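The values are calculated or read from the model by the stated rules, or taken from the named source; none is laboratory data. Just so it is clear, the model here is predicted, and its values are computed rather than measured. Reconstructed Cβ throughout: ideal geometry from the backbone, glycine too, with neighbour counts over all protein chains shown. Heavy atoms of the whole protein, side chains included, go into the accessibility calculation; ligands, DNA and RNA do not. Shrake-Rupley method; radii C 1.70, N 1.55, O 1.52, S 1.80 Å.
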Amino acid sequence: MPRLLYATAAGRLRAHRSLQAVARSGWEIGPPDRLIPLPEGATLVHLPGRVPLARGAGGANFPIEEEGAVAVAAVMPPGYLRTLLPAYAEAGDAPVLPLYGYAAVADVDGEPHVAGLRTDRWSAWDPQAEDRQRIGPALRAAARALPENRLVQHLTTCATDYRCLTAQNLFLRRGEGAIPVSPACNAACLGCISEQWGDVASPQTRMAFAPTPPEIAELAGWHLSADDTNFVSYGQGCEGEPLTRGAALVDATRRIRAAAPAATIHINTNASRPNVLRRLVEAGLNSIRISIFSLDDARFRAYYRPVGYGLEQVAECADVVAAAGGQVTINLLTFPGISDSRPEIEALVAFIDRHGVHQVQLRSLNVDPHWLLARMAAETRGIGMRAFVRELAARCPGLQLGNFTRPWPVVKSMPAWASST
């Protein structure tokens with residue numbers, strides 16, 4: 001029986017002797033299943049203002065009575081998917097939680113276990129990889145090579161203060177390199193990590209300038225020239241929406257493509273402006289990752305709070321890249337109890353089939369669970385995240401499920417850093 005894991009008033013982690021752990025899936029609470037040992041690189045966090053829930057011998061859920069007890073959760077490293085949320089009761093005026101992907105935890109045989117699922121393996125995205133220790137010299141090398149490029153200065157903060165792996169990969173000159181391009185956005189996502197408009201603080205600062213096409217192309221060319229399997233991506237967590245930079249991004253893409261005819265030029269986007277995207281594809285862009293929380297219009301609008309676009313434009317953007325022979329990927333921002341609900345599954349499978357999606361990246365949505373649920377108009381019921389992943393794989397046999405963007409087309413001979421671990 002997974003036992004309740006919580007923090008004491010003194011901040012010590014404790015497993016309860018007799019109480020069973022419970023976990024949340026959307027609006028439902030019950031015993032957790034299929035817990036895994038806490039992965040290397042995961043972090044246990046306490047949830048201030050939240051009393052842990054447990055289940056007694058009679059089968060009822062209740063907040064524990066120990067004075068000062070605080071609920072705990074885990075935040076997992078890249079390549080893992082959260083399958084259940086922590087279960088707790090808010091006490092008094094509980095602060096809104098920072099933007100992390102909180103997963104349920106419990107004690108199993110004296111060790112912390114988490115409600116999670118391994119979804120991808122790629123050593124280039126291992127936060128514990130040995131070459132992460134070389135980031136200091138790599139930053140200095142980039143500053144020497146590109147002394148006037150403002151993006152180098154901006155991404156130095158991302159690679160160090162925020163430990164952004166995509167930014168670090170750019171400086172290490174391997175795999176996917178981050179090229180942020182836009183300080184503005186046409187949505188106000190509830191889980192935006194670079195700009196907020198309400199209850200929750202952003203964990204990082206959005207870029208404050210609009211890089212020029214020469215700056216974008218210079219940095220991209222420097223990264224691509226290090227290895228012919230490297231690729232670059234617009235649309236990072238430290239910026240707004242890259243499709244708002246239409247003319248400048250088309251110019252930059254054309255320059256990059258001229259210098260690197262075989263490279264993958266990728267965009268992470270809310271897919272709001274198909275006309276801009278069409279021009280980018282004509283200029284040489286050949287890969288897209290579309291952010292999707294929900295394909296239900298009401299939930300879509302509640303989460304993204306879009307300005308001037310909707311699901312029709314999202315679908316059209318997928319079609320633009322697919323028609324040109326490019327890679328179409330979905331960045332699925334999952335939330336147990338919503339993402340695995342039957343209506344969402346049916347809508348997702350239909351979208352994949354209709355719009356030529358090659359890969360679904362399974363990401364845990366970083367948000368305060370109760371805060372998000374309060375903003376959804378209707379309750380949903382999930383089948384379980386593990387069952388959802390199994391069904392998606394079975395119904396979409398040509399679909400790649402994972403966590404990381406790959407080069408396009410797929411490179412047959414990958415370097416050592418790109419191998420599975």
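Things worth noting here:
- Pairs where the first residue, in the range 392-405, is open to solvent by less than 80 Å² (accessible area, probe 1.4 Å) and the second is assigned to a strand (DSSP E or B) and among the hydroxyl-bearing types (S, T, Y), C-beta under 7 Å, 6+ apart: T405/S233; T405/T329
- Of the residues making up the range 153-168, those that are farther than 12 Å from A142 by Cα, among the β-branched types (V, I, T) and open to solvent by 30 Å² or more (accessible area, probe 1.4 Å) are T157, T160.
- Considered as a group, the residues in the range 352-389 that are in a helix (DSSP H, G or I) and touching a strand residue (DSSP E or B) at 6+ places or on another chain (Cβ under 8 Å) include one that is farthest from L117 (Cα to Cα), and that residue is H355.
- When A187, A226 are screened for being part of a loop (DSSP other than H, G, I, E, B) and closer than 30 Å to P369 by Cβ, only A187 passes.
- Scanning the range 38-60 for residues that are over 21 Å from P78 (Cα atoms), aliphatic (A, V, I, L, M) and not in a loop (DSSP other than H, G, I, E, B) turns up L47, V51, L53, A54.
- Residue, nearest to R24 (Cα to Cα), within the range 70-82, restricted to residues that are touching a Pro at 6+ places or on another chain (Cβ under 9 Å) and open to solvent by 10 Å² or more (accessible area, probe 1.4 Å): V72
- Selection from the range 1-18 of residues that are under 21 Å from I29 (Cα atoms), at pLDDT below 95 and in a loop (DSSP other than H, G, I, E, B): M1
- Among the residues of the range 26-68, just one is within 23 Å of the chain's Cα centre (by Cα), exposed (fewer than 13 other Cβ atoms within 10 Å of the Cβ) and more than 29 Å from M376 (Cβ to Cβ), namely E40.
- Selection from the range 148-173 of residues that are of a type in the set (D, E) and under 15 Å from M207 (Cα atoms): D161
- Cβ pairs under 6 Å, 6+ apart, first in the range 352-369 and modelled with pLDDT of 95 or more, second among the hydroxyl-bearing types (S, T, Y) and outside any strand (DSSP E or B): L362/T119; N366/Y100
- Residues of the range 85-108 classified as buried (at least 19 other Cβ atoms within 10 Å of the Cβ), aliphatic (A, V, I, L, M) and either at positive phi or assigned to a loop (DSSP other than H, G, I, E, B) (or both), total: 4
- Candidates D131, D126 - the one that is acidic (D, E) and either under 28 Å from H370 (Cβ atoms) or under 19 Å from the mean Cα position of the chain (by Cα) (or both): D126
- The residues in the range 406-421 that are surrounded by 13 or more Cβ atoms within 10 Å (Cβ to Cβ) and either modelled with pLDDT of 95 or more or farther than 19 Å from L81 by Cα (or both) can be counted, and the count is 8.
Results for (1) touching a helix residue (DSSP H, G or I) at 6+ places or on another chain (Cβ under 7 Å); (2) within 25 Å of P409 (Cα to Cα); (3) open to solvent by 10 Å² or more (accessible area, probe 1.4 Å), shown as yes or no for each residue.
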{"site": "F209", "(1), (2), (3)": "yes, no, yes"}
{"site": "A217", "(1), (2), (3)": "yes, yes, yes"}
{"site": "A220", "(1), (2), (3)": "yes, yes, no"}
{"site": "A226", "(1), (2), (3)": "no, yes, yes"}
{"site": "V232", "(1), (2), (3)": "yes, yes, no"}
{"site": "C238", "(1), (2), (3)": "yes, no, no"}
{"site": "T244", "(1), (2), (3)": "no, no, yes"}
{"site": "A248", "(1), (2), (3)": "yes, no, yes"}
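- Matching residues, the range 328-347, being open to solvent by less than 10 Å² (accessible area, probe 1.4 Å), more than 26 Å from P203 (Cβ to Cβ) and not acidic (D, E): V328, S341, I345
- Wholly enclosed helices (runs of 4 or more DSSP H) of the range 256-326 bearing at least 2 residues surrounded by fewer than 18 Cβ atoms within 10 Å (Cβ to Cβ) and either among the aromatic types (F, W, Y) or in contact (Cβ under 8 Å) with a residue 60 or more places away in the chain (or both): 297-304
- Residues that are more than 19 Å from H223 (Cβ to Cβ) and over 16 Å from the mean Cα position of the chain (by Cα) were ranked within the range 171-194; the one that is surrounded by the most Cβ atoms within 10 Å (Cβ to Cβ) is C185.
- For first residues located in the range 127-141 and touching a residue at least 40 places away in the same chain (Cβ under 8 Å), partners that are basic (K, R) and surrounded by 15 or more Cβ atoms within 10 Å (Cβ to Cβ) and lie 6+ apart or on another chain with Cβ distances below 9 Å form the pairs D131/R174.
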